[in-house]
Structure formats: C-alpha cells, structure tokens
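Visitor: Have a look at the structure that comes next, please.
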Amino acid sequence: MSERVALVTGASRGLGAEIAAGLVAGGYTVVGAARTAPDEWAAAPVADLHRKVCDVTDESQVKRMFSEVRKEHGRLDLVVNNAGAFSGDLLLMASAERFAAVLRGNLLSAQVVTRESVKLMRPKGFGRVVSISSIAASIPLVGNSLYASAKTAVVGLMRDFALEFRNSGVTFNSVAISFVEHTGMVDALKPEARASYEARLLVPRALDMSEVLGTIRFLASDDAGAVTGQVISLGSPY
C-alpha cells in the first residue's frame, strides 16, 4: 500500500485533516490541498503530509496542482473530494451570488478535481474517487436548502462520472455522512437543528472518524472494484 498516492481536498482542518491523517496511517502517500498557507493549517496530526496551497474552485490552480502531483509522484490512486462550503441561508433570503458560492465550493470543485484525477488514473487502469456528501441531501431541513442542493448534485456527478468511465478501472462513489464532531457543518448548526436531524437518523449519534475512514478505505480498496456510482449513507435512514 505504501506506493499508493492519495489526494484529499479541504485538508487543512476538521474532517479533511482527519481523513488525511487516517490515510497516512494506512500507508498512503497523501497530498493535502487547501486554500490556506501551510503554516495556517490546524495542528497537523501527521508530519509527512504533502501540503499544497490550492483553491479547488479555481480551475487554473487545480491544473497546476495536478501538474505538480504528476511530477512529484507520477501517479494518483485515490481522491477524496472533501472540500465544501456550508450554508444555513433561507431560500427567500439567499442571493444568487451566495448560491453560486455554495455550488462552487461543493460541486464545481468536485467536478474539476475529479476530471483532472481521471487523467492520471485512467492510463494506469486503476483509481478511486470518493466524494463527501451529506445526509442533508436526503433529510430536508429549513435553512439547509442551498447546501443540500449542492450535496445532492455531487452524488449525481459521481454517478455520471461512473457512467462515462465504466470499464476504466476507475470508480466514483459518494459517502453521505451525518455528524462528525468539530467539523464546520456541525459547529455551524444550532442545537435545535441538530436535535431535529438526530431524531430522524437510524444512528442518532455523532459518527466516529474510524467509521468514516473505514468506509473510505473500503471504497479505495481493490475489493471495491465493482462498487461505482453509489452513495453510502452513514447514519441516514435513506
């Protein structure tokens, strides 16, 4: 496993930092991408994370980052599209600019990063793309519509990539997570909103990072070659 290379977006803090650390512990060479300078990242759980400053909503920056990955590592085996933008705006109050920003942060970033990933993965006949979605896509809540719309679209995007690149050896899946403590989405939720969500979950508690990482590791494995275009929901009744 030590020769495999993974890219995790939004890796400077929260869920992305934990995913990156877990993959390093699992033997991957991990490239972490985030907009902030490396010295502004949260306390790094691992010392050997390859940090890249990249705004994944900016196509030119993404292309430059992938050029560097190609030169430095020569391959890419796993991509975790974790970068995202949360919104708690009501539909009546949300501007078009705000909605566009949420779509850029969640959907456009996943499309551009996945597109560039395929260019590295397909020639080798192996690759895994895992996009982080959310239970918000299946459990409606007032004030969560922009975010939920974007995360729903991410699931559809992965299915479309799976269709276009079937028989390529590259798989495309989504993981819809519920609550992971100390992440941006959870921290932004009001207590009553969180209580409303938890009451509708089959697993009405916060997820452990090991559960998220275990799902990603399975989807990234050789054993998951027949799993593509799917969404795995953690904690959700749907």
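Visitor: Please work out if Ser174 is buried (at least 19 other Cβ atoms within 10 Å of the Cβ), modelled with pLDDT of 85 or more and either on the phi > 0 side of the Ramachandran plot or within 13 Å of the chain's Cα centre (by Cα) (or both).
Guide: On the way: buried (at least 19 other Cβ atoms within 10 Å of the Cβ): yes; modelled with pLDDT of 85 or more: yes; either on the phi > 0 side of the Ramachandran plot or within 13 Å of the chain's Cα centre (by Cα) (or both): yes.
Yes: the conditions hold for Ser174.
Visitor: I'd like to know if the range 161-175 contains one or more residues that are among the aromatic types (Phe, Trp, Tyr), closer than 18 Å to Ala85 by Cβ and in a helix (DSSP H, G or I). Explain how you work it out, then say what you get.
Guide: In the first step, residues of the range 161-175 are kept if they are among the aromatic types (Phe, Trp, Tyr); the result is 161, 165, 172.
Next, from what is left, pick out any that are closer than 18 Å to Ala85 by Cβ: none.
Scanning the range 161-175, I find no residue that is among the aromatic types (Phe, Trp, Tyr), closer than 18 Å to Ala85 by Cβ and in a helix (DSSP H, G or I), so the answer is no.
Visitor: Within the range 20-73, how many residues are outside any strand (DSSP E or B) and either at pLDDT below 95 or under 16 Å from the mean Cα position of the chain (by Cα) (or both)? I'd like the intermediate steps shown before the answer.
Guide: So the first thing to find is which residues in the range 20-73 are outside any strand (DSSP E or B), and the list is 20-28, 35-49, 54-73.
Of the ones still in play, those that are also either at pLDDT below 95 or under 16 Å from the mean Cα position of the chain (by Cα) (or both) are 20-27, 35-49, 54-57, 62.
Final tally of qualifying residues: 28.
Visitor: Collect the residues in the range 207-238 that are part of a loop (DSSP other than H, G, I, E, B) and closer than 22 Å to Thr152 by Cα, keeping them in residue-number order.
Guide: We begin by selecting, within the range 207-238, every residue part of a loop (DSSP other than H, G, I, E, B); these are 207-208, 221, 225-230, 235-238.
Those that are part of a loop (DSSP other than H, G, I, E, B) and closer than 22 Å to Thr152 by Cα: Leu207, Val227, Thr228, Gly229, Gln230, Gly235, Ser236, Pro237, Tyr238.
Visitor: Going residue by residue through the range 134-149, is there one that turns out to be out of contact with any Pro (no Cβ under 7 Å at 6 or more places or on another chain), closer than 19 Å to Ala34 by Cα and either assigned to a helix (DSSP H, G or I) or of a type in the set (S, T, N, Q) (or both)?
Guide: no
Visitor: Further question on the same structure: Identify all residues within the range 103-136 that are more than 11 Å from the chain's Cα centre (by Cα) and touching a residue at least 60 places away in the same chain (Cβ under 8 Å); write none if there are none.
Guide: If the condition is that a residue be more than 11 Å from the chain's Cα centre (by Cα) and touching a residue at least 60 places away in the same chain (Cβ under 8 Å), then Ser117, Arg128, Ile135 are the ones that fit.
Visitor: Could you give me the residue pairs with C-beta distances under 6 Å whose first residue belongs to the range 66-93 and is in contact (Cβ under 8 Å) with a residue 12 or more places away in the chain and of a type in the set (Asp, Glu), whose second residue is in a helix (DSSP H, G or I) and surrounded by 21 or more Cβ atoms within 10 Å (Cβ to Cβ) wherever it lies, and which are 6+ apart or on separate chains?
Guide: Asp89/Leu146
Visitor: If I ask for residues that are touching a strand residue (DSSP E or B) at 6+ places or on another chain (Cβ under 7 Å) and either among the charged types (D, E, K, R) or farther than 22 Å from Val129 by Cα (or both), which ones from the range 194-238 would you list?
Guide: Of everything in the range 194-238, just one residue is touching a strand residue (DSSP E or B) at 6+ places or on another chain (Cβ under 7 Å) and either among the charged types (D, E, K, R) or farther than 22 Å from Val129 by Cα (or both), namely Glu211.
Visitor: Which pairs have Cβ atoms under 7 Å, sit 6 or more apart or on different chains, and link a residue in the range 192-214 that is free of Cβ contacts under 8 Å to residues at least 24 places away in the same chain to one that is outside any helix (DSSP H, G or I) and not basic (Lys, Arg)?
Guide: Hits for this filter: Glu198/Pro204; Glu211/Leu234.
The values are calculated or read from the model by the stated rules, or taken from the named source; none is laboratory data. Bear in mind that the values here come from a model prediction, so they are computed numbers and not experimental data. Cβ atoms come from the backbone with ideal geometry, glycine included; neighbour counts cover every protein chain shown.
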